Structures are given as structure tokens and as C-alpha cells.
1. Can you check what the net charge comes to around Val92, using other residues whose Cβ is under 12 Å from the Cβ of Val92 (Lys, Arg +1; Asp, Glu -1)?
2. Can you tell me what share of the DSSP beta bridges in the chain is antiparallel? A percent to the nearest 5 is fine.
3. With every protein chain kept in place and ligands, DNA and RNA left out, what is the accessible area per residue of the range 7-48? Probe 1.4 Å, answer in Å².
4. Can you give the Rg/Rh ratio of the chain, where Rg is from the C-alpha atoms and Rh is the Kirkwood radius?
5. Could I get the Rg over Rh figure for the range 17-83? Both from C-alpha atoms, Rh via Kirkwood, rounded to two places.
6. Within 10 Å, count the other beta carbons around each residue, average over each peptide in 86-95, 55-64, 13-22, and list them highest first.
7. Charges only on Cβ, +1 for Lys and Arg, -1 for Asp and Glu: so what's the dipole of the range 1-75 about the Cα centre, in debye to the nearest 20?
8. What number, in percent, do you get for the relative contact order of the chain if the mean sequence gap of Cα pairs under 8 Å and at least 6 apart is divided by its residue count?
Amino acid sequence: QVQLVESGGGLVQPGGSLRLSCAASGSIFRLYAMGWYRQAPGKQRELVAYITSGGSANYADSVKGRFTISRDNAINTVYLQMNSLKPEDTAVYYCNRNPPDPSYWGQGTQVTVSS
């Protein structure tokens, strides 16, 4: 059973930065494409970025040029560097496979962008 634990969220002012981490259990982590997702209040969960097992990254248009996804297969961790944050980035952020496995959703980490 794979477990995913997100961390690194917090309160940040517009224009600020945060780095999210997702630690995964399980030795087959390196075989998965991994994604970061977010869910804002009253909205559906959406894919923000994903990275293939080979390291190729893709981004939603809303975050392109501001967010960077990366992974370290040696420690089973995927990251999301978020720069130039905007109030509309406020959401709970989750990691999961891409496409997501319903059994892998964790608690997420709250990101709030506000002055």
C-alpha cells in the first residue's frame, strides 16, 4: 500500500514563494508519473502539474512559468516549487499518481495566499 504525505504549505503574501514536498512510501514510486493537484473551496480538484517517471514535466496554463515540479527518486519524493503566488492559488494541494489513484489521496497541505 502506497502512502503519500504532503507538507510545506502555509500562509504567504501575493508574490511570495513556497515549496511543497510529497513523500511516498513504496519502492515502485520511481515507476509512476506523479502529479500535484489542488482543490479550492467550492471547486473541483484540478491537476496543477505532473512529472513522468523519466522527469518530463507538464503544467496547467494557470501556473506555467511560476511553478516547477521535480522529483528525487532516491528518496521517493516529489516537489512543487511555487513562485509569484497569487490569491487564486489558494487551495489544498495534494499529490498523487497521474492519472490519480483514488486510494492514494492523502490529507493534502493548505496553501493560502493573502495579504
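1. Details: positive: Arg38, Lys43, Arg45; negative: Glu6, Glu46, Asp89.
Net local charge, Val92 excluded: 0.
2. On the way: 33 of 36 bridges.
In the chain, approximately 90 percent of DSSP beta bridges are antiparallel ones.
3. Working: 2280 Å² over 42 residues.
Value returned for the range 7-48: 54 Å² of accessible area per residue.
4. On the way: Rg = 13.1 Å, Rh = 13.9 Å.
We get a ratio of 0.94 for the chain.
5. Values: Rg = 12.1 Å, Rh = 12.4 Å.
For the range 17-83, the value is 0.97.
6. Working: 86-95: 18.9, 55-64: 12.9, 13-22: 16.4.
Those peptides, ordered most packed to least, come out 86-95, 13-22, 55-64.
7. Numbers: 8 positive and 4 negative charges, 18 e Å.
Once rounded to the nearest 20, the dipole reads 80 debye.
8. On the way: 272 pairs, mean separation 42.7, N = 115.
Reported relative contact order: 37 percent.
The values are calculated or read from the model by the stated rules, or taken from the named source; none is laboratory data. Note that the structure is predicted; figures quoted are calculated from it, not measured. A quick note on method: Cβ atoms are made from the backbone with ideal geometry, for glycine too, and the neighbour counts reach across all protein chains shown. Side chains included, ligands, DNA and RNA excluded: accessible areas come from the protein's heavy atoms. Shrake-Rupley method; radii C 1.70, N 1.55, O 1.52, S 1.80 Å.
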